[in-house]
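Each remark here refers to the structure printed beneath this line.
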């Protein structure tokens, strides 16, 4: 079976201007753009040396002292790529020309108030704004979506994401001390991913937990997104399983009335080294399951999925499509679910009647 899983590229590869020069830019944005043949015209960063270093490594012709300097010279067809921390989004968006095209790093805010502030400035300035929810464009996710949309596994009734691994949070110094670490910074990927397949749930149930031996606010979460009495959509994350590789897991699984799909998220195993991804599916024939079929896919979540978010924005701006899948108007619902997950964590649950 020929599975289509690579994002469509724009007709016009508009010049990209990057604001921020952190590790995600070095490890994902710039390698992805290079692979896609996108043109990065300029970069700026509060610590200019970091921008200078990336410019030298990736042959970026222009390094700007300030965002204002960049905005002054950027052409009308520029695409701005914001890779800052969420609390810097609003003041930075205010500096961009009205109606600009801009890709904003996830999450869309450190809290729901910030999310709504970001949405307000994008609406007021009529920005063509998307959030970099790039997991939607990981090769194994796009391959699964293709098979599901073609009806290969029938009616989808079970969607599970499970992470049982060890995450070295010290690799993320900007978020390791975040008061809303696990859901806001990590499970947001999975919440947004489930929404991209199933839409908005009716209800959300969630519990996020800290590790008593660690200073982080939360490292393990279970979230249920309630759609119907037949659709199970569940996220189970445990970043503390530091007991060797044997029983570690990292996968997305879809089950339907005619078959199932399972994708290993190799990136999150032995992070940051990662393990190979694995994409496989099984079809029921004559009421019996066939053998699992493994399909080799080119690329992985990092850096290849970062092509998809930028390409979709460029295609939307040039008019090749009237859909912007990760627009701020869409991702605001993912953030609403995140907020509901924290509300459920703080206020949910029913106390049994032990007065027997």
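The values are calculated or read from the model by the stated rules, or taken from the named source; none is laboratory data. It should be emphasised that the depicted structure is a prediction, and the values quoted were computed from it without experimental measurement. All Cβ positions, even for glycine, are placed from backbone atoms using ideal geometry, and neighbour counts span all protein chains on display.
Could you identify the single residue in 130, 144 that is within 24 Å of residue 270 (Cβ to Cβ), modelled with pLDDT of 95 or more and touching a helix residue (DSSP H, G or I) at 6+ places or on another chain (Cβ under 9 Å)? Show your work before the answer.
Numbers: 130 fails: within 24 Å of residue 270 (Cβ to Cβ).
Being within 24 Å of residue 270 (Cβ to Cβ), modelled with pLDDT of 95 or more and touching a helix residue (DSSP H, G or I) at 6+ places or on another chain (Cβ under 9 Å) holds for just one of 130, 144, which is 144.
Applying the selection to segment 111-122, what residues are free of Cβ contacts under 8 Å to residues at least 40 places away in the same chain and over 19 Å from residue 189 (Cα atoms)? Write out each step before concluding.
First pass over segment 111-122, keeping only residues free of Cβ contacts under 8 Å to residues at least 40 places away in the same chain: 113-114, 117, 120-121.
Those that are free of Cβ contacts under 8 Å to residues at least 40 places away in the same chain and over 19 Å from residue 189 (Cα atoms): 113, 117, 120, 121.
Determine, yes or no, whether residue 137 is over 15 Å from residue 86 (Cα atoms) and crowded, with 18+ Cβ neighbours inside 10 Å.
Considered against the rule, which asks whether it is over 15 Å from residue 86 (Cα atoms) and crowded, with 18+ Cβ neighbours inside 10 Å, residue 137 comes out as yes.
Does segment 109-123 hold any residues that are assigned to a helix (DSSP H, G or I) and either in contact with a strand residue (DSSP E or B) (Cβ under 6 Å, 6 or more places away or on another chain) or under 15 Å from residue 334 (Cβ atoms) (or both), and which are they?
Those that are assigned to a helix (DSSP H, G or I) and either in contact with a strand residue (DSSP E or B) (Cβ under 6 Å, 6 or more places away or on another chain) or under 15 Å from residue 334 (Cβ atoms) (or both): 112, 114, 115, 116, 118, 119, 122.
Sort out which residues of segment 198-208 are surrounded by 15 or more Cβ atoms within 10 Å (Cβ to Cβ) and either in a strand (DSSP E or B) or outside the structural domain of residue 172 (by TED's automatic domain parsing) (or both), and write them in order of number.
From segment 198-208, those surrounded by 15 or more Cβ atoms within 10 Å (Cβ to Cβ) are 198, 201, 204-208; that's our starting set.
Within segment 198-208, 204, 205, 206, 207, 208 qualify.
Looking only at segment 39-71, which residues are surrounded by 14 or more Cβ atoms within 10 Å (Cβ to Cβ) and assigned to a helix (DSSP H, G or I)?
Once the filter is applied, which keeps residues that are surrounded by 14 or more Cβ atoms within 10 Å (Cβ to Cβ) and assigned to a helix (DSSP H, G or I), segment 39-71 yields 48, 50, 51, 52, 53, 54, 55, 58, 67, 69, 70, 71.
Taking residue 193, is it closer than 22 Å to residue 275 by Cα and either surrounded by fewer than 21 Cβ atoms within 10 Å (Cβ to Cβ) or in contact with a helix residue (DSSP H, G or I) (Cβ under 8 Å, 6 or more places away or on another chain) (or both)? Reasoning before the result, please.
Details: closer than 22 Å to residue 275 by Cα: yes; either surrounded by fewer than 21 Cβ atoms within 10 Å (Cβ to Cβ) or in contact with a helix residue (DSSP H, G or I) (Cβ under 8 Å, 6 or more places away or on another chain) (or both): yes.
Spelling it out, residue 193 is indeed closer than 22 Å to residue 275 by Cα and either surrounded by fewer than 21 Cβ atoms within 10 Å (Cβ to Cβ) or in contact with a helix residue (DSSP H, G or I) (Cβ under 8 Å, 6 or more places away or on another chain) (or both).
If the requirement is being in a strand (DSSP E or B) and surrounded by fewer than 20 Cβ atoms within 10 Å (Cβ to Cβ), which of these qualifies: 214, 253, 275, 246?
On the way: 214 fails: in a strand (DSSP E or B); 275 fails: in a strand (DSSP E or B); 246 fails: in a strand (DSSP E or B).
Answer to the check: 253.
Which of (1) on the phi > 0 side of the Ramachandran plot; (2) without any contact (Cβ under 8 Å) to a residue 24 or more places away in the chain; (3) crowded, with 18+ Cβ neighbours inside 10 Å does residue 20 not meet, given it meets every other one?
(2)
For residue 81, indicate whether it is surrounded by fewer than 20 Cβ atoms within 10 Å (Cβ to Cβ) and assigned to a strand (DSSP E or B). Break it down stepwise before answering.
Working: surrounded by fewer than 20 Cβ atoms within 10 Å (Cβ to Cβ): no; assigned to a strand (DSSP E or B): yes.
No, not satisfied.
Going residue by residue through segment 227-241, is there one that turns out to be in contact with a strand residue (DSSP E or B) (Cβ under 8 Å, 6 or more places away or on another chain), exposed (fewer than 15 other Cβ atoms within 10 Å of the Cβ), assigned by TED's automatic domain parsing to the domain that holds residue 278 and free of Cβ contacts under 8 Å to residues at least 40 places away in the same chain?
No, there is no match, as no residue in segment 227-241 is in contact with a strand residue (DSSP E or B) (Cβ under 8 Å, 6 or more places away or on another chain), exposed (fewer than 15 other Cβ atoms within 10 Å of the Cβ), assigned by TED's automatic domain parsing to the domain that holds residue 278 and free of Cβ contacts under 8 Å to residues at least 40 places away in the same chain.
Got at least one residue in segment 171-181 being in the same structural domain as residue 316 (by TED's automatic domain parsing), surrounded by fewer than 23 Cβ atoms within 10 Å (Cβ to Cβ) and over 18 Å from residue 336 (Cα atoms)?
Scanning segment 171-181, I find no residue that is in the same structural domain as residue 316 (by TED's automatic domain parsing), surrounded by fewer than 23 Cβ atoms within 10 Å (Cβ to Cβ) and over 18 Å from residue 336 (Cα atoms), so the answer is no.
Taking segment 333-356 as the region of interest, how many residues are over 11 Å from residue 192 (Cβ atoms) and either assigned by TED's automatic domain parsing to the domain that holds residue 180 or in contact with a helix residue (DSSP H, G or I) (Cβ under 6 Å, 6 or more places away or on another chain) (or both)?
The qualifying residues number 2.
Restricting the search to segment 303-329, which residues are more than 14 Å from residue 8 (Cα to Cα) and either within 12 Å of the chain's Cα centre (by Cα) or not in a helix (DSSP H, G or I) (or both)?
Across segment 303-329, the qualifying residues are 303, 326, 327.
Looking for whichever is under 20 Å from the mean Cα position of the chain (by Cα) and part of a loop (DSSP other than H, G, I, E, B) here; the options are 126, 106, 145. Which one fits? Lay out the reasoning, then the answer.
On the way: 126 fails: under 20 Å from the mean Cα position of the chain (by Cα); 145 fails: part of a loop (DSSP other than H, G, I, E, B).
106 is the lone residue from the list that is under 20 Å from the mean Cα position of the chain (by Cα) and part of a loop (DSSP other than H, G, I, E, B).
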